[in-house]
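Undergrad: The structure under discussion is supplied below as structure tokens; questions concerning it will follow.
The values are calculated or read from the model by the stated rules, or taken from the named source; none is laboratory data. Here the structure is a predicted model, which is why all the values come from computation and not from measurement. Quick reminder, even Gly has a Cβ in these numbers, built from the backbone with ideal geometry, and neighbours come from all protein chains shown.
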Amino acid sequence: MDLTRIVDFVQKQLEGEKTGHDFYHGQRVAHLASKMYLKDHPDAHENSRVVAIIKTGGYLHDTIDEKVCADPAAVVAKIKKLLPEVGFEELEVKDILFTIQHMSFSQNIEHHYELPLTGQYVQDADRIESLGAIGIARAFTYGGKHGNEIYDPKIKAQKLVNHDQYRKHTETTINHFHEKLFTLEKLMNTESGKVEAHRRTDYMRYFVDEFMDEWNV
Ligand code: ADP
Ligand code: NI
């Protein structure tokens with residue numbers, strides 16, 4: 001299946017996006033999710049429809065986020081029109097739309113949405129993007145954009161309790177590692193997701209340990 005029109009659509013929608021949800025994030029999620037699916041399903045073909053569904057979900061997943069667009073419903077309507085034109089069947093369109101509308105971390109704090117298998121790979125890949133070297137870069141970009149401090153020794157490491165707490169933007173970025181990032185590996189759906197999330201979480205622990213050593217010089 002030719003996904004050129006999907007890629008062009010996402011590039012246009014996310015132009016100028018600087019909150020960590022840019023086109024390259026979508027592209028990495030598409031690549032990582034399909035790579036993990038193929039690793040867990042060695043008989044599957046790179047050009048299969050299921051891989052096209054995963055890649056498409058990966059590319060599109062942030063285009064309907066209210067942080068990224070002013071009118072998510074209008075973008076959903078555009079996607080509904082585009083997907084059949086690219087060649088997706090009705091049930092495939094349904095899977096892709098359900099996934100991108102229910103996969104975000106914030107939506108799943110107080111409610112757990114059961115995603116189709118394709119969506120589970122997209123969700124894992126998106127969460128893995130919050131980990132590792134890229135995850136560290138994104139966290140400090142986000143913190144800087146919201147005027148948050150890097151670290152405050154008066155604030156004890158906090159875990160997440162609810163959605164409102166997650167949406168307040170005032171926490172320090174180091175606290176975000178304790179609040180969210182170190183908890184993500186336990187939330188992985190897929191075998192490959194668990195392995196990669198663990199590897200990137202280890203890298204991040206190393207970073208935060210080093211950060212604390214340097215802070216407490
Ligand atoms: P989702 O789209 O799944 O709801 P977000 O948009 O909240 O996730 O997160 C996007 C990126 O910004 C992630 O890398 C995440 O770790 C980072 N981020 C979110 N909230 C904070 C915060 N308070 N401090 C630092 N980084 C954050
Ligand atoms: Ni994302």
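Undergrad: Scanning the range 20-29 for residues that are over 13 Å from THR63 (Cβ atoms) and not small (Gly, Ala, Ser), which turns out nearest to ligand 2 (Cβ to nearest atom)?
TA: ARG28
Undergrad: Can you confirm whether GLU15 is closer than 30 Å to LYS145 by Cα, in contact with a Pro (Cβ under 9 Å, 6 or more places away or on another chain) and assigned to a loop (DSSP other than H, G, I, E, B)?
TA: Criteria not met by GLU15.
Undergrad: Residue by residue through the range 9-20, note down the ones that are modelled with pLDDT under 90 and surrounded by 15 or more Cβ atoms within 10 Å (Cβ to Cβ).
TA: Within the range 9-20, GLU17, THR19, GLY20 meet the criteria.
Undergrad: Can you find a residue in the range 38-51 that is away from ligand 2 (no atom under 15 Å from the Cβ), closer than 20 Å to GLN101 by Cβ and not assigned by TED's automatic domain parsing to the domain that holds HIS146?
TA: Checked against the condition, which is being away from ligand 2 (no atom under 15 Å from the Cβ), closer than 20 Å to GLN101 by Cβ and not assigned by TED's automatic domain parsing to the domain that holds HIS146, the range 38-51 yields at least one hit.
Undergrad: Please go through the range 22-52 and pick out each residue that is farther than 18 Å from SER192 by Cα, without any contact (Cβ under 8 Å) to a residue 60 or more places away in the chain and crowded, with 20+ Cβ neighbours inside 10 Å.
TA: Correct list: GLY26, ALA52.
Undergrad: I've got another one for you. Residues to consider are LYS67, LYS94, LYS55, LYS78; find the one that is among the basic types (Lys, Arg) and within 25 Å of LYS194 (Cα to Cα).
TA: None of the other options fit; the residue is LYS55.
Undergrad: Might you check whether a residue that is within 13 Å of ligand 2 (Cβ to nearest atom) and either surrounded by fewer than 13 Cβ atoms within 10 Å (Cβ to Cβ) or not in a loop (DSSP other than H, G, I, E, B) (or both) occurs anywhere in the range 142-159?
TA: The answer is yes, given that some residue of the range 142-159 is within 13 Å of ligand 2 (Cβ to nearest atom) and either surrounded by fewer than 13 Cβ atoms within 10 Å (Cβ to Cβ) or not in a loop (DSSP other than H, G, I, E, B) (or both).
Undergrad: Within the range 27-40, can one find any residue that is at pLDDT 95 or above and among the aromatic types (Phe, Trp, Tyr)?
TA: The answer is yes; a qualifying residue exists.
Undergrad: Can you tell me which of GLU89, GLU85 is in contact (Cβ under 8 Å) with a residue 24 or more places away in the chain, of a type in the set (D, E, K, R), out of contact with any Pro (no Cβ under 7 Å at 6 or more places or on another chain) and more than 16 Å from GLN120 (Cα to Cα)?
TA: Sole residue among the options that is in contact (Cβ under 8 Å) with a residue 24 or more places away in the chain, of a type in the set (D, E, K, R), out of contact with any Pro (no Cβ under 7 Å at 6 or more places or on another chain) and more than 16 Å from GLN120 (Cα to Cα): GLU85.
Undergrad: So ILE6 passes all but one of these: (1) under 13 Å from the mean Cα position of the chain (by Cα); (2) surrounded by 17 or more Cβ atoms within 10 Å (Cβ to Cβ). Which condition number does it fail?
TA: Every listed condition holds for ILE6 apart from (1).
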